[in-house]
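What follows is calculated from the coordinates using simple rules that are stated; it is not laboratory data. These numbers come from a predicted model, not from an experiment. Because the Cβ atoms are built from the backbone with ideal geometry, glycine has one as well, and the counts that use them run over all protein chains shown.
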Amino acid sequence: PDPYYHQQPPPYSDPFGSPYGQPSRPPPPAQGGPPGFGGPPPGRVGGFDPYPPAAGAPGSVTYQLHVPDHVVPAVLGRGGQVIKEMMDQSGAVIKVSQKGDYVPGTNNRIISITGSHNAASFAHQLVSAKIPQM
């Protein structure tokens, strides 16, 4: 198990991610082609929604990673370029706690990843790839 990975489970979930008692519809099957011809619906980029659900919204997932302070520059990149690219690629929102805002009793910063299940999972993979394994 990854010592820096902590997931906040939704209050209730069904197989398709609905936080309510009613099951949600399954996602449509992936198809190829441009929008309108079997490709992703308009407004979606590369199969990911560029406007992920807000934290706590139906269908949103939030992951938290506790990362040593000295690793954060690798996640952010120069001028925030790396984190921006990860958000663009995944469609999730990635936030890093401010310097000095640590997990109590540690020098670890908090990286929060919020979005649809697919977007947040993909962003988690992208961020994890930037963290050196110990």
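Calculate the spin-label point distance for ASN107 paired with SER121, positioning each point 7 Å from the Cα along the beta-carbon direction, and give it in nanometres.
So the label points at SER121 and ASN107 sit 3.5 nm apart.
Mind ordering 122-129, 94-101 by average Cβ neighbours within 10 Å, highest first?
On the way: 122-129: 19.0, 94-101: 13.6.
Output ranking for 122-129, 94-101: 122-129, 94-101.
Run the numbers for GLN133 and ALA74: contour at 0.36 nm per residue of separation, minus the present Cα-Cα distance, in nm. Please list the in-between numbers first.
Working: separation 59, 0.36 × 59 = 21.24 nm, distance 1.30 nm.
Stretched out fully, the GLN133 to ALA74 stretch lengthens by 19.9 nm.
Per residue and in Å³, how big is the convex hull formed by the alpha-carbon atoms of the range 55-134? Before the final figure, lay out the partial values.
Values: hull volume 7.3 nm³, N = 80.
Enclosed volume per residue, from the Cα hull, is 91 Å³.
Order 76-86, 105-115 from most to least packed using the mean count of other Cβ atoms within 10 Å. Kindly include the intermediate steps, with their values, before the conclusion.
Values: 76-86: 14.2, 105-115: 18.5.
Taking the mean over residues of other Cβ atoms within 10 Å, the ranking is 105-115, 76-86.
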